[in-house]
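Chemist: Here's a structure for you.
The values are calculated or read from the model by the stated rules, or taken from the named source; none is laboratory data. Remember, it's a predicted structure, so these values are computed and weren't measured experimentally. For neighbour counting, all protein chains shown are included, and Cβ atoms are generated from backbone atoms with ideal geometry for every residue, glycine included. The protein model used for the area step is the full one, side chains on, heavy atoms only, and it has no ligands, DNA or RNA in it. Shrake-Rupley method; radii C 1.70, N 1.55, O 1.52, S 1.80 Å.
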Amino acid sequence: MSSGQGRVDVEVESKRPDEPAESATHPNTCPGCGSHYRDDELEQTLRVCPQCGHHFRVRARERIEQLVDSGSFAEEDEDLRSADPLGFFDLRPYTERLAEAEVETGLGDAIVCGAAAIEAEECQLAIMDFAFMGGSMGSVVGEKFARACERATEEHMPLVSVSASGGARMQEGILALMQLPKTICAIDELHESGVVMISVLTHPTTGGVLASFASLGDVVLAEPGALMSFAGPRVVAQTTREKLPDDFGRAESNFRFGHLDGIVARSELRPTLARLLRLFART
């Protein structure tokens, strides 16, 4: 499990094999080649390094702007907020962490859902944001995703999911873990109704999110270099006491083993999703 502030998130933040040691000095420093960029320069390239192709993380609302037709997104369930049923306290109260995350990100939780159009093809969206407590999945994330599945089922509209998560949210205990079967059941009902789900995995997609809805799309895509494994490579190496391949858990490795249908560069993601939506609209 992940707290969004704890062990799993430290793991997914660990350096890539080719990452320079000084790359963490500024968020706009490329960990692949060390190039430095201004915010406006990265926005023009969809937050992809033009020198080496490294894909920087993208916030949920910026991701929506990159993918959907202008003005087409209508957010749903924006008012949902996590409770604190356990009265959880580690170094700080859980309620304080939630309030801080909301102030810093402007989001109510780690997922944004709603209806949109991609190249005039209507769909439901479920976009995760790693900046909100490491994209950890608690009861609100599971509920909002399940509601997105229900709307897609009722309106017979494809669901596009974009994942970025460190796993389940430790502060909600069993309630967070129960979001795994909850979201799986929601997707099962979606599939039974004949509605398609397209899942996009971004860096990182780990833990309970990977073990539940992120892996269950009719089509599963990933961005280049994305880490997608239940546990991070350092934890696996320490547990197994084996030397792992440099690309362990990365999108390229998962693609070789048949866990993905494709690896799509960010510049091609919007047209790729549009083609898939048009294809499934005709089936």
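Chemist: Read phi for every residue in the range 82-97 and hand back ³J(HN,Hα) as whole Hz from Karplus 6.51 cos²θ - 1.76 cosθ + 1.60, θ = phi - 60°, with x for Gly and Pro.
Modeler: 6, 8, 10, x, 8, x, 5, 9, 10, 7, 9, x, 4, 4, 5, 5
Chemist: Going from most exposed to least, what order do 45, 29, 95, 239 have by accessible area with a 1.4 Å probe?
Modeler: Accessible-area ranking of 45, 29, 95, 239, largest first: 239, 95, 45, 29.
Chemist: Hey, rough spin-label estimate for residue 61 and residue 45, points 7 angstrom out along Cα→Cβ, what's it come to in nanometres?
Modeler: Going from the residue 61 label point to the residue 45 one covers 2.5 nm.
Chemist: Something else now. May I ask you to evaluate 6.51 cos²θ - 1.76 cosθ + 1.60, the Karplus curve with θ = phi - 60°, for each residue of the range 226-231 and list the ³J(HN,Hα) values in order in whole Hz, giving x for glycine and proline?
Modeler: 5, 7, 9, 8, 5, 10
Chemist: A further question follows. Please give the solvent-accessible surface of residue 129 in Å², to the nearest 10, using a probe radius of 1.4 Å with every protein chain present.
Modeler: Residue 129 has an accessible surface of roughly 0 Å² with all protein chains in place.
Chemist: Net charge around residue 176, counting only other residues with Cβ within less than 13 Å of its Cβ (Lys, Arg = +1; Asp, Glu = -1)?
Modeler: Summing Lys and Arg as +1 and Asp and Glu as -1 gives -2.
Chemist: Just check the chain against the gyration tensor rule for me: Cα atoms, a ≥ b ≥ c as the square roots of the eigenvalues, rounded for a/c under 1.5, and otherwise prolate or oblate depending on whether a/b exceeds b/c.
Modeler: rounded
Chemist: Could you list which residues have their amide H under 5 Å from that of residue 137, counting only those 5 or more apart in sequence or on another chain, with H placed in the peptide plane?
Modeler: Residues meeting the amide H criterion: 167, 168, 169.
Chemist: What shape does the range 144-221 take by its C-alpha gyration tensor, where a ≥ b ≥ c are the square roots of the eigenvalues and a/c under 1.5 counts as rounded, a/b above b/c as prolate, and the rest as oblate?
Modeler: oblate
Chemist: So what's the gap between the Cα centers of the range 209-271 and the range 96-159, to the nearest angstrom?
Modeler: Their Cα centres are 21 Å away from one another.
Chemist: If you don't mind, another one. Share of the range 29-151's accessible area from carbon and sulfur, percent, 1.4 Å?
Modeler: 47
Chemist: Next question. Any idea how far apart residue 75 and residue 230 come out in nm if each label point goes 7 Å out from Cα toward Cβ?
Modeler: Going by the 7 Å Cα→Cβ label model, 3.5 nm.
Chemist: If you take the beta carbon distance between residue 256 and residue 35 as r and set R0 to 22 Å, what does 1/(1 + (r/R0)^6) give as a FRET efficiency, to the nearest 0.05?
Modeler: Using R0 = 22 Å, I get an efficiency of 0.20.
Chemist: A follow-up question, please. For a test of the definition: using alpha carbon positions, the gyration tensor, and the 1.5 limit on a/c, classify the range 41-179 as rounded, prolate or oblate.
Modeler: Oblate, since a/c reaches 1.5 and b/c is not below a/b.
Chemist: Moving on. Rounded to the nearest 0.05, what FRET efficiency is calculated for residue 154 and residue 242 with R0 set to 41 Å and r the Cβ-Cβ distance?
Modeler: E(calc), rounded to 0.05, equals 0.30.
Chemist: Using alpha-carbon pairs under 8 Å, 6+ residues apart, how would you state the relative contact order of the chain in percent?
Modeler: Computed value for the chain: 17 percent relative contact order.
Chemist: Here's another thing I want to ask about it. Please work out how much accessible surface residue 219 shows to a 1.4 Å probe, ignoring ligands, DNA and RNA, in Å² rounded to 10.
Modeler: 20
Chemist: Further question: Which value, in Å², gives the accessible area per residue of the range 128-187 when a 1.4 Å probe is used on the protein heavy atoms?
Modeler: Per residue, the range 128-187 has 28 Å² of solvent-accessible surface.
Chemist: Further, regarding this structure: Rounded to the nearest 10 Å², what accessible area does residue 55 show when all protein chains are kept and the probe is 1.4 Å?
Modeler: So the heavy atoms of residue 55 present about 20 Å² to solvent.
Chemist: What FRET efficiency comes out for the pair residue 86/residue 188, r = Cβ-Cβ distance, R0 = 25 Å, nearest 0.05?
Modeler: It comes out at approximately 0.30.
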